[in-house]
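The values are calculated or read from the model by the stated rules, or taken from the named source; none is laboratory data. Keep in mind it's a predicted model, so treat the numbers as computed, not measured. With ideal geometry, Cβ positions are generated from the backbone for all residues, glycine too; neighbour counts draw on all protein chains shown. Each accessible area value is taken on the protein alone, full model and side chains, heavy atoms only, with ligands, DNA and RNA left out. Shrake-Rupley method; radii C 1.70, N 1.55, O 1.52, S 1.80 Å.
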Amino acid sequence: MLRISLSADTYSGIWGDNALVSYEAEGAVIHFSGDFPLRRIQQAARQLQSQGINSASLEGTGWSYERQWAFYCGFANTKTQVELRWASIDEDELELLNARRRSADWVRQVVNATPEAMYPEKLAEEAIAFLGGIAGDAISHELIVGDALVEHGWIGIHSVGRASSRPPVMLTLDFNPTGNADAPVAACLVGKGITFDSGGYSIKSSEGMVTMKCDMGGAATVTAALGYAIEQGLRQRVKLILCCAENMIAGNAYKLGDVLTYKNGLSVEIVNTDAEGRLVLADGLIAATETKAPLVIDAATLTGAAMMAVGTDYNALFGLDKELVFKAQQLSELVNEPAWPLPLEKWHQGHCPSFYADTANSRAQKGGGMGGASNAAAFLSRFVDTDNSSWVHFDLASCFRDSGDSRWAAGATGLGVANIAALLLQ
């Protein structure tokens, strides 16, 4: 186990001027002086990991909570389970680090799994097991599978997932620590759980499809966020709704030109079967509205347009409640998970018109046309009672890396988990 210490001094010596990492008899030293010290610590951890170091002990002074978490983010690896011993700090902070790591590791486990291993029912089962292991009897759940979705009115999830040999699923999980079946629901979380996205008949290219096991990142993120919030002492009732499906191609697949009529009466023309995430989330948001929760949070790997706008270091935030969006951004800074608001107004709802339905699910243009991320968020807003519930939408541009870079291994990052957990705890 390599010992890792910190130094605020700039290094100049045999390891190169301004080196991130130097070595001495006792182990390695990370030099974090300069701009953005947390990024430098994360880069140093990634550098150590790329050299084959999978076991480390953080020692010496200077290891604050934030610095240790930055090291973990860079040290976590896609292929190998790493061993990390935290530095001696306050016991409460140590418990918080362990809880945050458990949530982040779970996200990596389910998002990085192959699409063959992580299909809709399996994702739902993993979420139940993860939260049941944290909250025990305070958790109950309902699964609606396959054609039963139609009987319950969940037309979006069923339409997107019906072409797969593995049925679509809606999971509703109830965390109710009060023990009172009539306790009000304080918040509702909704997650996009597309365990593989071929694009449907609007088929993706091979290079665009190869990482589409990550399209259930929203479901994984809200599940882990609930678990992390519970471990931090959440005592209010929260419901979790996961909208899980494989978007595949077959003779019974949904098609361009189809019109879906949702449980709330809204009709939607399909102009792009690769804009499927908003179709399944619509069901989840209707279900969330039915709980009458005053706070609704959804998360999804929804649009490439959000990534074009904010890059892969930020998540994009949307909402008609500007105060809530601002709070979400403030909390993102507090937990070092950058997020940035993008435009959303009621009039964005008119940007996906249809001759045959109340709205289309996109625009028949590449990437959904100009303002695609805002238009997708506006589509979602149609399915939330925004007059009686505060709602925020996370478009998770930073939750997955197609390939490794100087700070992250390839795969899931876990970014967004702590941000959403912090919103639940407000």
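Worth a mention:
- Taken as a whole, the condition of being open to solvent by less than 30 Å² (accessible area, probe 1.4 Å), β-branched (Val, Ile, Thr) and assigned to a strand (DSSP E or B) applies to Thr195.
- Pair list, Cβ under 8 Å, 6 or more apart: the stretch 403-414 residue loosely packed, with under 15 Cβ neighbours inside 10 Å and among the small types (Gly, Ala, Ser), other residue in a loop (DSSP other than H, G, I, E, B) and at pLDDT 95 or above: Ser403/Ala410
- Failed item, numbered, when Ala124 is tested on (1) more than 30 Å from Leu260 (Cα to Cα); (2) small (Gly, Ala, Ser); (3) open to solvent by less than 60 Å² (accessible area, probe 1.4 Å): (1)
- Selected residue (only one of Arg85, Arg39, Arg101, Arg67 is basic (Lys, Arg) and in contact with a Lys or Arg (Cβ under 7 Å, 6 or more places away or on another chain)): Arg39
- Search result, residues across the stretch 235-272 that are surrounded by fewer than 17 Cβ atoms within 10 Å (Cβ to Cβ) and of a type in the set (A, V, I, L, M): Ile249, Ala250, Leu256, Val259, Leu266
- Filter result for Arg102 (open to solvent by 10 Å² or more (accessible area, probe 1.4 Å) and under 22 Å from Met216 (Cα atoms)): yes
- Taken together, Ala220, Ala275 contain a single residue that is open to solvent by less than 10 Å² (accessible area, probe 1.4 Å), in a loop (DSSP other than H, G, I, E, B), in contact with a Gly (Cβ under 9 Å, 6 or more places away or on another chain) and hydrophobic (A, V, I, L, M, F, W, C), which is Ala275.
- Of the criteria (1) of a type in the set (Phe, Trp, Tyr); (2) crowded, with 24+ Cβ neighbours inside 10 Å; (3) part of a loop (DSSP other than H, G, I, E, B), which one Tyr228 fails: (3)
- Residues that are part of a loop (DSSP other than H, G, I, E, B) and either within 20 Å of the chain's Cα centre (by Cα) or surrounded by 16 or more Cβ atoms within 10 Å (Cβ to Cβ) (or both), drawn from the stretch 355-384: Ala357, Asp358, Asn361, Ser362, Arg363, Gly371, Arg382, Phe383, Val384
- Close pairs (6 angstrom Cβ cut-off, 6 or more residues apart or separate chains): in contact (Cβ under 8 Å) with a residue 60 or more places away in the chain and over 9 Å from Ala245 (Cα atoms) in the stretch 152-172, assigned to a loop (DSSP other than H, G, I, E, B) and of a type in the set (A, V, I, L, M, F, W, C) anywhere: Ala163/Met248; Ala163/Ala250; Ala163/Ala253
- Check on Gly200, over 22 Å from the mean Cα position of the chain (by Cα), modelled with pLDDT under 95 and over 18 Å from Ile297 (Cα atoms): no
- Tally, over the stretch 92-128, of residues that are part of a loop (DSSP other than H, G, I, E, B), under 18 Å from Pro167 (Cα atoms) and not aromatic (Phe, Trp, Tyr): 5
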